Amino acid sequence: MIIHIFDNAEQIGKAIADMIVEQVNEKPDSVLGFATGASPVPTYKSLINAYNEGRVSFKDITTFNLDEYCDLPKSDKNSYYTFMHENLFDHIDVNEEKVNFLNGNAEDPEKECVRYDSLIDEKKIDIQILGVGRNAHIGFNEPSDKFTKGSFRVALTDSTIDANSIYFDENPMPHFALTMGTVSIMRSKKIIMVATGSSKQDAIFNMVNGDITPECPASVLQLHPDVHIFLDKDAAARL
Ligand code: F6R
């Protein structure tokens with residue numbers, strides 16, 4: 001794991017965006033895995049700036065998102081589909097046909113997960129962006145007694161519901177989601193994690209220094225050969 005510590009989220013966003021721009025300029029048809037949540041938003045802003053400044057084109061990339069809520073219409077303001085379009089895809093020249101999401105409303109979630117995993121296996125993710133939950137979840141792989149493999153339907157934990165329900169003012173937050181599994185995430189060629197704020201410091205400490213255990217899902221990243229962790233000083237405080 002290579003750990004980068006910055007003063008603030010904006011600097012982190014610029015540094016990660018530079019890595020992504022370099023990747024896409026070297027390989028225009030790169031496959032990028034994206035995360036939602038607050039942590040990657042400064043990165044997405046910097047990617048939009050890079051696109052507007054003519055430093056990169058995303059027209060040939062393929063994208064996969066980590067997860068999507070179940071039982072929430074795709075058009076809902078809180079769906080991850082909407083999040084990615086509002087925060088990134090609507091502002092760059094990505095080809096909508098190459099944008100991939102798990103369908104949280106699929107009639108047969110198992111079949112949907114198999115479909116998604118086969119696409120990922122076929123394309124192979126060059127860079128996967130990750131945030132981390134306060135409970136050290138990655139994607140929505142919550143603490144558990146075993147590591148997950150491919151995509152699956154997950155019951156969200158109270159910690160995750162508590163953290164994310166601030167976004168749900170009208171409808172209650174869904175309690176289930178479809179998420180890429182741990183093994184799928186680990187197959188990405190490069191992983192870039194971003195975490196900011198003191199609420200993440202225990203998760204970061206355990207991920208870096210603790211045992212590799214499904215009780216701390218992010219700890220599995222210790223086994224990946226090419227992981228960059230971007231932290232602000234608050235998230236890094238216990239290291
Ligand atoms: C989002 C995701 C989650 C978030 C994590 C941190 O697609 O998979 O693992 O990355 O919950 O969320 P924020 O960045 O909002 O603290």
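Mind checking which residues of the range 114-142 are free of Cβ contacts under 8 Å to residues at least 12 places away in the same chain and among the hydroxyl-bearing types (S, T, Y)?
Residue satisfying the conditions is S118 alone.
Go through (1) out of contact with any Leu (no Cβ under 7 Å at 6 or more places or on another chain); (2) part of a helix (DSSP H, G or I); (3) within 16 Å of the ligand (Cβ to nearest atom); (4) open to solvent by less than 30 Å² (accessible area, probe 1.4 Å) for Y44 and report which single condition fails.
(1)
List the number of the failed condition for G150; all other conditions in (1) within 12 Å of the ligand (Cβ to nearest atom); (2) assigned to a loop (DSSP other than H, G, I, E, B) hold.
Every listed condition holds for G150 apart from (1).
Checking P214 against (1) within 16 Å of the ligand (Cβ to nearest atom); (2) closer than 17 Å to I129 by Cβ, which test does it fail?
Looking at each condition in turn, P214 falls short on (2).
Restricting to the range 157-175, give me the number of residues that are at pLDDT 95 or above and either within 12 Å of the ligand (Cβ to nearest atom) or open to solvent by less than 80 Å² (accessible area, probe 1.4 Å) (or both).
We begin by selecting, within the range 157-175, every residue at pLDDT 95 or above; these are 174-175.
With the extra rule that they be either within 12 Å of the ligand (Cβ to nearest atom) or open to solvent by less than 80 Å² (accessible area, probe 1.4 Å) (or both), the set shrinks to 174.
Residues in the range 157-175 being at pLDDT 95 or above and either within 12 Å of the ligand (Cβ to nearest atom) or open to solvent by less than 80 Å² (accessible area, probe 1.4 Å) (or both): 1 in total.
Pairs under 8 Å by beta carbon, first residue at positive phi in the range 190-206, partner near the ligand (Cβ under 8 Å from one of its atoms) and not in a strand (DSSP E or B), six or more apart or different chains?
none
Looking at V183, V227, which is the one that is under 17 Å from A35 (Cα atoms), under 17 Å from the mean Cα position of the chain (by Cα), more than 12 Å from the ligand (Cβ to nearest atom) and open to solvent by 10 Å² or more (accessible area, probe 1.4 Å)?
Working: V227 fails: open to solvent by 10 Å² or more (accessible area, probe 1.4 Å).
V183 is the lone residue from the list that is under 17 Å from A35 (Cα atoms), under 17 Å from the mean Cα position of the chain (by Cα), more than 12 Å from the ligand (Cβ to nearest atom) and open to solvent by 10 Å² or more (accessible area, probe 1.4 Å).
Could you pull out the residue among D93, D145 that is closer than 30 Å to R55 by Cα, assigned to a loop (DSSP other than H, G, I, E, B) and touching a residue at least 40 places away in the same chain (Cβ under 8 Å)?
On the way: D145 fails: closer than 30 Å to R55 by Cα.
Among D93, D145, only D93 is closer than 30 Å to R55 by Cα, assigned to a loop (DSSP other than H, G, I, E, B) and touching a residue at least 40 places away in the same chain (Cβ under 8 Å).
Please indicate, with yes or no, whether at least one residue in the range 111-124 is within 12 Å of the ligand (Cβ to nearest atom) and among the charged types (D, E, K, R). Write out each step before concluding.
Here is the first cut: in the range 111-124, the residues within 12 Å of the ligand (Cβ to nearest atom) are none.
Checked against the condition, which is being within 12 Å of the ligand (Cβ to nearest atom) and among the charged types (D, E, K, R), the range 111-124 yields no hits at all.
Conditions first: (1) open to solvent by 10 Å² or more (accessible area, probe 1.4 Å); (2) farther than 28 Å from K200 by Cα; (3) free of Cβ contacts under 8 Å to residues at least 40 places away in the same chain; (4) within 18 Å of the chain's Cα centre (by Cα). D60 passes all but one, so which condition is the exception?
(4)
Out of everything in the range 132-143 that is open to solvent by less than 20 Å² (accessible area, probe 1.4 Å) and in contact with a Pro (Cβ under 6 Å, 6 or more places away or on another chain), what residue ends up being farthest from the ligand (Cβ to nearest atom)?
A136
State whether the residues of the range 28-41 include one that is assigned to a helix (DSSP H, G or I) and under 21 Å from L231 (Cα atoms). Full working, then the answer.
Narrowing the range 28-41 to residues assigned to a helix (DSSP H, G or I): 41.
Those still in the list that are under 21 Å from L231 (Cα atoms) too: 41.
Yes, there is a match, as at least one residue in the range 28-41 is assigned to a helix (DSSP H, G or I) and under 21 Å from L231 (Cα atoms).
The values are calculated or read from the model by the stated rules, or taken from the named source; none is laboratory data. Predicted, not measured: the structure shown is a model, and the values here were computed from it. No Cβ is skipped: glycine too gets one built from the backbone with ideal geometry, and neighbour counts run over all protein chains shown. Heavy atoms of the whole protein, side chains included, go into the accessibility calculation; ligands, DNA and RNA do not. Shrake-Rupley method; radii C 1.70, N 1.55, O 1.52, S 1.80 Å.
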